[in-house]
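Please treat every number below as a calculation from the coordinates, not as lab data. These numbers were taken from a predicted model, which means no experiment stands behind them. No Cβ is skipped: glycine too gets one built from the backbone with ideal geometry, and neighbour counts run over all protein chains shown.
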């Protein structure tokens, strides 16, 4: 059953990676991700982890090294944040479009400028259309567990898409929590070694990986990638169930519902703020307000059916985004939720909310304020302009 | 087996019909390279002439008979690292990259790969510019050269800066083996490539001079003649650095003036006497540096 | 051929183009002058020259007609002649 110890989210991520037995790790330090790299390096130095670790000179090279290793068939791991992810963009896009499965942890950080090193979702949100699967977690345990599940998802032959496990910088990366560390043997049983078949750089089997490809074939490859994205919902659900059966922790797959069944109004959150949102729901429930929480776990692909299923009979919902979409005065999760509901034919009153940028606090009071706005909307108030959670 | 027999008998691992220009010495160098490195090789070719000429492949067909991947323009050395880490040392992991991908945007990843001492072979074919995209200037373009981004006009006089000396910069990274190669000196070329293949204890950097008939403006039949002239004028001295030991493999006791090379092609046609003298001075100084490193003051 | 469109890969054959069709001049070797030194072979970018039965021969299947062999031959045993002339 493993053992439970108090560790940071970064340590949890490094342990999750180590338990997944990557052959090659390449990473470059950046706040708030650095201790992932340090912890992995110390495990290798102590002989506890048999990976080859490449101390690269940039995130661009980190992703390039793991891309090379993945083309040669290795399971790989890296981690980054914000500017590092931005620098990585070129090989990041290549990794997913070559359909090379891997897991990259992202300790979410706001994008500069203004110069900041603190928490945010803007880094991963800005690259949500680069072909990766993106999963956001709420706490340290989920970070560790989802890195292991991430490999299961990424390496599934129906998927073959790399996975980002996104956890909020500082709020998760640096905070200590009790985390159960599974036994290696249990993880080995859940996650068998990966054997790559679709491409391989091996003199025994010469092939060109990514020769020049004309547009009609690019269309086919892209469509196949998009189709695989849609298959990822079911594969994640199964990975979640198998994981729960083995380790006793179920997360709900693409979304987590919290007291939504009889709710009239719903808060939608992603990542670390979900804990505060649950407390706000409890507080308001105690006052007789029928409010629930929908936590988006999978942002790419966006689980529109699952989201619509939860919201279908609700009167109003608010989405709290820790990111912005320039040009829309909302965040990305709000836009995607709206798009999903519109496509599926639902018209529900909604409130876009933006908060927590650059590590700004999202307080319990913020959350209850949002719920109170939803209550008013439920009583007939018009849809509102974007609500910014300011001091 | 002497080098002629080797080039005759070893299997040609490049597609017989590439779309490289008539007389392209990069095509010659790539074929010779793979004849020596052999079938147990994984090759990376970033965007550039050789990739553009079909040496990576097209549709469902490969351009080489060994595994090949087109890297990004700027991450070739890092990709080599990853392949090598995944495979271990039973495979030759090599790159064949142009000077733009090497001396400009790929330099950061190259420098770090050399510093880490990865056991891979990075080969640069230096045609002094971005030839595949229409001869734009690179850091490796010789001063005075007309390129499509340093055109000659009322004010413009071609590239204003001296050529970045990439082999010497890479030599200062302390690689296990480094050499400069010219397709005009095939015996020397093959010997160095064989040495590179035998290195198992660190990073290998090879820099091949590769005159471009289309971009530089000379008849493709003269490609080898131009390459030879670059060696004879010390514009491209042939040397090697074997675990820190510098050696001029083709010593040049009586170098010819650089003007002899300048006169062979259109890209230098506008260059003034003073312009030629600038390059002559730079070449002389560089050669002195090299002689000092070799230990022949 | 049925293909799973996962990742672009070339493993069905070797990509090649008919470079022989580019030629306007072709190399012709005068065996009376040739001393079988092999210099032409070492410089042919297209790998068109081979030794067969102790003699160097030019295979025109992919020869682009660049003329390097003629230019480099120390004995001037190779002529570039207009396609179709001989």
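Structural remarks
- The mean number of partner chain beta-carbon atoms within 10 angstrom of a residue's beta-carbon across peptide B:221-233 is 3.
- Comparing mean-square fluctuations of A:232, A:318, A:45 from a GNM of chain A with C-alpha springs under 10 Å, the top value falls on A:45.
- Folded to 0 to 90 degrees: helix B:76-87 orientation relative to chain B principal axis, Cα: 20 degrees
- Our helix-only sum for the protein assembly as shown, with -39,500 (n - 2.57) per DSSP H run of n ≥ 4 divided by its residues, gives a mean residue ellipticity at 222 nm of -10500 deg cm²/dmol.
- Highest-first arrangement of B:133-145, A:344-356, A:134-146, where packing means the average Cβ count within 10 Å: A:134-146, B:133-145, A:344-356
- Taking chain C and dividing mean pair separation by its residue count, relative contact order in percent (alpha carbons under 8 Å, at least six apart): 38 percent
- Relative to the longest principal axis of the Cα atoms of chain A, helix A:215-247 runs at roughly 80 degrees.
- Shown here is the pair-distance distribution of the range A:255-388: with all Cα-Cα distances grouped in 10 Å bins from zero up to the longest one, the shares run 13, 50, 34, 3 percent.
- With Cα atoms, 0 to 90° folded angle of helix A:332-343 axis to chain A main axis: 80 degrees
- Beta bridges assigned by DSSP with both partners in the range B:3-294 are antiparallel in approximately 35 percent of cases.
- Look at where the Cα atoms of the range B:115-193 and of the range A:53-95 average out, and the two centres are 27 Å apart.
- Multiplying the residue separation of residue B:133 and residue B:249 by 0.36 nm and subtracting their alpha-carbon distance yields 38.4 nm.
- By DSSP, the beta bridges lying fully in the range B:22-175 are antiparallel in about 25 percent of cases.
- Peptide A:194-207, shielding by other chains (average Cβ, 10 Å cutoff): 6
- Long-range tail of P(r) for chain B (Cα pairs > 24 Å, %): 48 percent
- Peptide B:52-58 has a mean shielding of 6, counted as Cβ atoms of other protein chains within 10 Å of each residue's Cβ.
- Length-normalised contact order for chain B - Cα pairs under 8 Å, 6+ apart - percent: 16 percent
- Scaled against 2.2 N^0.38 Å for its residue count N, the alpha carbon radius of gyration of the range A:33-142 is 1.07.
- Global form of the range A:200-250, assessed from the alpha-carbon gyration tensor, a/c cut-off 1.5: oblate
- Chain A: proportion of alpha-carbon pairs further apart than 38 angstrom, %: 17 percent
- Of the peptides A:22-33, A:96-107, the ranking by mean beta-carbon count within 10 Å, highest at the top, reads A:96-107, A:22-33.
- Dimensionless Rg ratio for the range B:30-150, taking C-alpha atoms and the 2.2 N^0.38 Å reference: 1.06
- For the range A:310-372, the equivalent ellipsoid built from the Cα gyration tensor has semi-axes of 22, 16, 7 Å, listed from largest to smallest.
- Counting DSSP beta bridges with both ends in the protein assembly as shown, the antiparallel % (nearest 5): 35 percent
- For chain B, a Gaussian network of Cα nodes joined below 10 Å ranks B:260, B:154, B:115 by mean-square fluctuation, and the top entry is B:154.
- Here the contact order of the range A:35-97, divided by its residue count and restricted to Cα pairs under 8 Å and six or more residues apart, works out to 33 percent.
- Per-bin percent of Cα-Cα distances, the protein assembly as shown [10 Å]: 3, 13, 21, 20, 16, 12, 9, 5, 2, 0, 0
- Max mean-square fluctuation residue, GNM over chain A, Cα-Cα springs under 10 Å, options A:294, A:175, A:311: A:175
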